[in-house]
Amino acid sequence: MPQDVKARIRLLRSKLNIDIGFHAHNNLSLAVANSLVAIEEGANRIDGSIRCLGAGAGNTQTEVLVAVLDRMGIRTGIDLYKMLDLSEEVGNTIMPKPQEITDSSLIMGYSGVYSSFLLHANKAAKKYGVDARDILMELGRQKVVGGQEDTIIEVAEQMAFQKEGTLR
């Protein structure tokens with residue numbers, strides 16, 4: 001969320017005297033907006049990808065960010081037309097359909113979990129007869145991070161027991 005980006009980049013900028021980078025996901029359609037907030041707060045290395053290529057709904061779309069920054073009078077040194085040509089040429093080759101915000105990517109952004117959790121949550125949901133979205137939401141509430149994928153099974157199992165009316 002923009003307010004989270006603002007607080008984190010501001011804190012980094014106040015404590016560090018080095019380049020600060022930012023990498024955004026577009027699961028809530030906020031990648032460009034969050035990148036702009038990061039820039040306003042002092043981030044000077046912004047990660048992007050053509051056509052949003054990335055996990056979930058993708059990352060900050062470079063060609064859109066370049067156009068927006070140009071409209072704002074912030075010069076990047078990137079030729080917008082060449083960026084658009086690159087996006088068309090490469091994007092059409094490696095992405096047969098546009099990156100989009102799906103139900104799955106939206107719930108990952110909403111719950112604040114990593115895209116790598118989706119496959120595991122779907123498997124656990126099927127195994128334990130619970131909704132994968134509920135698993136992802138609980139993982140977000142618990143602030144589970146990458147490397148804690150075993151928690152996905154624990155959450156699904158607990159939900160299944162609660163669904164049956166049995167507490168574990």
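Tabulated data
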| quantity | calculated |
| --- | --- |
| Tally, over region 26-48, of residues that are touching a strand residue (DSSP E or B) at 6+ places or on another chain (Cβ under 6 Å) and either of a type in the set (D, E) or in a strand (DSSP E or B) (or both) | 2 |
| Subset of region 1-59 [at negative phi and among the basic types (K, R)] | K6, R8, R10, R13, K15, R45 |
| Failed item in (1) of a type in the set (K, R); (2) in contact (Cβ under 8 Å) with a residue 24 or more places away in the chain; (3) under 21 Å from A156 (Cβ atoms), with K126 passing the rest | (2) |
| Residue in region 103-113 that is modelled with pLDDT of 85 or more and in a loop (DSSP other than H, G, I, E, B) present | yes |
| Count of region 66-82 residues which are in a loop (DSSP other than H, G, I, E, B) and of a type in the set (D, E) | 1 |
| Qualifying position, being within 20 Å of the chain's Cα centre (by Cα), more than 26 Å from S115 (Cα to Cα) and not small (G, A, S), among V64, V5, V68, V32 | V68 |
| Yes/no for Q148 being more than 20 Å from T60 (Cβ to Cβ) and either at pLDDT 90 or above or outside any helix (DSSP H, G or I) (or both) | yes |
| Exclusive hit being closer than 15 Å to S29 by Cα and of a type in the set (V, I, T), set V64, V145 | V64 |
| Qualifying position, being acidic (D, E) and either in the same structural domain as F117 (by TED's automatic domain parsing) or assigned to a loop (DSSP other than H, G, I, E, B) (or both), among D19, D85 | D19 |
| Given (1) exposed (fewer than 14 other Cβ atoms within 10 Å of the Cβ); (2) closer than 23 Å to A67 by Cβ; (3) touching a residue at least 24 places away in the same chain (Cβ under 8 Å); (4) of a type outside the set (A, V, I, L, M), number of the condition N92 does not satisfy | (3) |
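The values are calculated or read from the model by the stated rules, or taken from the named source; none is laboratory data. Keep in mind the model is a prediction, meaning the values are calculated, not measured. Every residue, glycine as well, gets a Cβ built from its backbone with ideal geometry; the counts of neighbours run over all protein chains shown.
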